[in-house]
Amino acid sequence: MKQITSGVGVVAIVIGATLNGGAQGPAAAVSGKAYKFEPVADGVYYATSAGSMVTGSNNVAIVGDRDVLVVDTGTSPAAARAFIEDLKLVTKKPIRYVVNTHFHYDHTDGNQVYAGKADIIAHDYVKLAIQNLDVLHREPFKTSQLTNVPNRIDALRKQIATEPDATRKATLERQLAVAQQGWDELKEITPTPPNVTYSRKKVVNLGGREVQLLFLGRGHTNGDTVIYLPKEKIVCTGDLMESQIAYMGDAQFDEWVATLEALKTLDFDIDLPGHGAPFKGKDLITAFQGYLTDFMKQGAALRRQGVPVDAMAARVDLTAYRTSFPQIQGPGVDIRGAQRLYEWMDGKSKK
């Protein structure tokens, strides 16, 4: 099997502290054209967008003595190619493994770039979903990409047309260019399932570094993988556990709470989520369990009252969790999560 190889390039260094206080690895973030790589531990990098293109989820690169494992592939083939290029700034070792934490577009739509060059690994359900769910014509791709991106482009064009300030106008024009580029890049996507799957646990050895892939139960989707580095006490949780409120359109709500409880039994200090920012400890996980439980409770009460889903989505009040999740500005939830909650409850009531 051909491997994707990273070389050594010129680095742009931003001095800062690592998440573990500099105990392992260099205290420097490395910025490429599309991604910034923050060293979390020796050979473990948390990759976020550098702002020059639409990249999708946050990714992780785990470097062993021999190989590299990449967590998630971004929102487009272009994002995946940019990641591979920027990764050359931190390692010259070959990418041998790619893990999809779940099937959503922003974690898998770069898969085709790696196909035939690295093993793409995921839970059994991810392969089933990409092959059978028409993922480019369903949620979350439908709203997040096919609706929101054109709407953003249109809104930016209108703002630019009426903006009198030259500096502000230039900023808007840069934002428009990124949005338009992201929209154009969607046309290249060919949904590509993993070529290696597992059901409960898979261990990958990168040479001197053990990486555990764990299915702890259903939650954000029916097939969420937790990447666990037992020696470094790090987990990568995709969207099963973010540092913000996750999309809930495919949720298994009560199982999600239970799966997060299983996550807390692992011996780890740092969580590298699919969105948001890395966080230490398990208090935020407990807070999100409370959020999910409260959402189920309030949603069930409104459903018994015959409140339609749109009204339920607007009335649910989870502002008690605003301290843990500052994105909560007032009552209400994403309509897609509300629709899924009613659908999920309907399914439970028929059993």
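Determine whether residue 311 is open to solvent by less than 50 Å² (accessible area, probe 1.4 Å) and touching a helix residue (DSSP H, G or I) at 6+ places or on another chain (Cβ under 9 Å). Yes: the conditions hold for residue 311.
When restricted to residues that are among the β-branched types (Val, Ile, Thr), open to solvent by 60 Å² or more (accessible area, probe 1.4 Å) and part of a helix (DSSP H, G or I), region 169-219 contains 0.
Yes or no: residue 165 over 26 Å from residue 81 (Cβ atoms) and acidic (Asp, Glu)? It is true that residue 165 is over 26 Å from residue 81 (Cβ atoms) and acidic (Asp, Glu). Cβ-Cβ contacts under 6 Å between residues 6 or more apart (or on different chains), taken from a first residue in region 140-156 that is under 19 Å from residue 188 (Cβ atoms) to a second residue that is of a type in the set (Gly, Ala, Ser) and assigned to a helix (DSSP H, G or I), are listed as 153/179.
Inside region 66-105, residues that are without any contact (Cβ under 8 Å) to a residue 60 or more places away in the chain, touching a Leu at 6+ places or on another chain (Cβ under 9 Å) and among the basic types (Lys, Arg) make up a count of 0.
Residues considered: 63, 40. Of these, the only one that is in contact with a Gly (Cβ under 8 Å, 6 or more places away or on another chain) and open to solvent by less than 10 Å² (accessible area, probe 1.4 Å) is 40.
Scanning region 220-265 for residues that are open to solvent by 10 Å² or more (accessible area, probe 1.4 Å) and of a type in the set (Phe, Trp, Tyr) gives 228, 247. Determine whether region 273-296 contains at least one residue that is in a loop (DSSP other than H, G, I, E, B), crowded, with 17+ Cβ neighbours inside 10 Å and at positive phi. There is at least one residue in region 273-296 that is in a loop (DSSP other than H, G, I, E, B), crowded, with 17+ Cβ neighbours inside 10 Å and at positive phi. Every listed requirement among (1) modelled with pLDDT under 95; (2) open to solvent by less than 30 Å² (accessible area, probe 1.4 Å); (3) among the polar types (S, T, N, Q) is met by residue 20 save one, (2).
The selection criterion, being in contact with a Pro (Cβ under 9 Å, 6 or more places away or on another chain), farther than 25 Å from residue 245 by Cα, outside any loop (DSSP other than H, G, I, E, B) and not small (Gly, Ala, Ser), does not hold for residue 84. Would you be able to tell me the number of residues in region 316-351 that are loosely packed, with under 15 Cβ neighbours inside 10 Å and either of a type in the set (Lys, Arg) or in contact (Cβ under 8 Å) with a residue 60 or more places away in the chain (or both)? The number of residues fulfilling the criteria is 5. Tally time: how many residues in region 61-100 are within 19 Å of residue 228 (Cα to Cα) and touching a Ser or Thr at 6+ places or on another chain (Cβ under 8 Å)? Matching residues across region 61-100 total 10. Mind counting the residues in region 126-147 that are more than 24 Å from residue 226 (Cα to Cα), over 18 Å from the mean Cα position of the chain (by Cα) and of a type outside the set (D, E, K, R)? Residues flagged as more than 24 Å from residue 226 (Cα to Cα), over 18 Å from the mean Cα position of the chain (by Cα) and of a type outside the set (D, E, K, R) within region 126-147 amount to 3. For region 116-129, residues that are open to solvent by 50 Å² or more (accessible area, probe 1.4 Å) and part of a loop (DSSP other than H, G, I, E, B) total 2.
The values are calculated or read from the model by the stated rules, or taken from the named source; none is laboratory data. Owing to the predicted nature of the structure, the values given are computational and were not obtained by experimental measurement. When we count neighbours, we look across all protein chains shown, and the Cβ atoms used for this are built from the backbone with ideal geometry, even at glycine. Keep in mind that these areas ignore ligands, DNA and RNA; they rest on the heavy atoms of the full protein, side chains included. Shrake-Rupley method; radii C 1.70, N 1.55, O 1.52, S 1.80 Å.
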